[in-house]
Amino acid sequence: FVFTDADINQSLLDKLHNEALSESFERITVDGDTSPNDSSVLVATGKSGIKLRSKSKEMKSFKKELVKLFQSLAQDIIKDAEGAKKEIVINVEKAKNRAVAREVAFTIAQSPLVKTAMYGNDANWGRILAAVGRADGISDISKVSIKLNGTPLVTRGSKDPKHNESKASKSVKSKKIVIRVILNEGKDSFTVLTSDLSEDYVLINSDYRS
């Protein structure tokens, strides 16, 4: 629930809400499941008397701060994910279109094998590359490069020639992991925020009946 005392008409408020969601809650995943209770509410009370109009300087500033707030709330969900030990950012770049970039990012982010590898401090590039390869819209992995916290793992669809297991193992031990996937097929990109998958996740979700 997010409230503002600005005066914003309903259609513009709905547009702002959808744009904020697309940059925040619609870019996170813990396990791919959703709840019937999942919801987001944006309310403008108008009590300040300050009317915000589309394309005004004030509206641009308001939208920027609104998106930042929604992103912060979305990040809190990932940090508070059941049994989560790590925050994982999946950046997919140079895709042929945004839809493919999104599909690849979510396929990696929702892969149990990738998520458990990250929990186990295993910079398993094969699991990441396999997730890329099975994503809809990907038919050739020969151009794909992958980096983990800046450490090269894959170049042109194979293990990077300069791959260093020691450096990769050190990189994956971080509490915040950035997996960068460069498809080299276009100009579009997409980012998804997720968490690792630990024993605690299984224990928490198997220990109660909803």
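The values are calculated or read from the model by the stated rules, or taken from the named source; none is laboratory data. Quantities reported herein were computed from a predicted structural model and do not represent experimental measurements. Because the Cβ atoms are built from the backbone with ideal geometry, glycine has one as well, and the counts that use them run over all protein chains shown. Calculation scope for accessible area: heavy atoms of the full protein, side chains included, ligands and nucleic acids excluded. Shrake-Rupley method; radii C 1.70, N 1.55, O 1.52, S 1.80 Å.
Considering only residues of segment 14-43 that are in contact (Cβ under 8 Å) with a residue 12 or more places away in the chain, under 16 Å from residue 68 (Cβ atoms) and under 17 Å from the mean Cα position of the chain (by Cα), which is most open to solvent (accessible area, probe 1.4 Å)?
Residue satisfying both the conditions and the ranking: 23.
Quick grid of which residues meet (1) hydrophobic (A, V, I, L, M, F, W, C); (2) modelled with pLDDT of 95 or more:
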position	(1), (2)
129	yes, yes
139	no, no
149	no, yes
154	yes, yes
172	yes, yes
182	yes, yes
209	no, no
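For segment 4-13, give me each residue that is in a helix (DSSP H, G or I), open to solvent by less than 100 Å² (accessible area, probe 1.4 Å) and not small (Gly, Ala, Ser).
Once the filter is applied, which keeps residues that are in a helix (DSSP H, G or I), open to solvent by less than 100 Å² (accessible area, probe 1.4 Å) and not small (Gly, Ala, Ser), segment 4-13 yields 12, 13.
When you scan segment 175-191, do you find a residue that is within 15 Å of residue 109 (Cα to Cα), touching a helix residue (DSSP H, G or I) at 6+ places or on another chain (Cβ under 6 Å), touching a residue at least 60 places away in the same chain (Cβ under 8 Å) and part of a loop (DSSP other than H, G, I, E, B), even just one?
no
Filter segment 194-210 for residues that are surrounded by 13 or more Cβ atoms within 10 Å (Cβ to Cβ) and among the small types (Gly, Ala, Ser); which is farthest from residue 27 (Cα to Cα)?
Among them, the one singled out is 198.
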